[in-house]
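Working notes for the structure below.
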Amino acid sequence: MSTSHAGPSTGAVVRHLVVSAAIEVIPLKGADEKIVALPPESTVTITCSPKLGLKRTLEHVERAARAGYRVVPHLAARQVPDPATLRAFVERVAAAGVTDLYVIGGDAPEPAGRYHDAAALLRDLAGLDHPLTRIGVACYPEGHPKIGDEALLAALRDKQPYATYMVSQLCFESEAIVGWLTRARSAGVTLPLRIGLAAPMSTRKLAELSLKIGVGTSVRFLTKQHGMVGNLLVGNSYRPEDLLAEMDPRLLADPSQVEGLHLFSFNQIDATLGWQRRTAGAA
């Protein structure tokens, strides 16, 4: 999987991925009004954090579904106290017409009950009668601040039998994504990847928003790993399409390898939409 490739198809592949990307929204106050600015064919993913709770996620999922969007709820295993709560969550999103669920371990320092990680919840989920046809799980091409790389790969293999795709956490380097994907395939991971990218904004804004919603540890880790501190201090922006353009378009166009993009909008919906439109119109 080469990282250096230039050709006339690169731009078309990147444009397709950007326009069809799933857009992650945090269920903060005012998020509903921002979501309705999205085109009706958009896929919206609704996050689940220990600061906001499962109830807030469910409320926003239901409202986005009523507005006609394809919705992917996040479900953090460490916030689910017991199988009854899991069943109730799944029944409620199913009633809203949801068929795709993204299951993560979550950032809660202590689990609310029996689910210490995503794999434990996924095993119980597999025993429920539900209409979910797609289940996503997390992966970490650029590492995790608290978990080693081999442990992360082992956890991904444990989750794979219950999943249909994987979503990477925030990525900032094409080489890291391609190198990790090569290693993951060699380790027996076959799930298609949705590449997690932060939508374009200043790195200062990215850091401020990440701290506000409780994922600051991960973002600080990434800034230390990849030299973003200088950009953060001067308030520069980054261009996520540059990362994609550095990758082999044959890899990006193969849905068994890269299924699509997951855009971390940090609720900067207008900026995200503007970037999508500019990219779609690029020559």
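Every number here is computed from the coordinates shown, using simple stated rules; none is lab data. What you see is a predicted model; the values in this text were computed from it and never measured. Glycine also receives a Cβ, built like all others from the backbone with ideal geometry; neighbour counts cover every protein chain displayed.
Pairs exceeding 25 Å between alpha-carbon atoms, taken from Lys34/Lys146; Lys51/Lys146; Lys34/Lys55: Lys34/Lys146.
Using the average count of surrounding beta-carbon atoms within 10 Å as a protection proxy, the listed peptides 160-166, 73-79 rank, highest first, as 73-79, 160-166. Here the simple spin-label model places points 7 Å from the Cα toward Cβ, and for Ala108 and Arg87 these points are separated by 1.9 nm.
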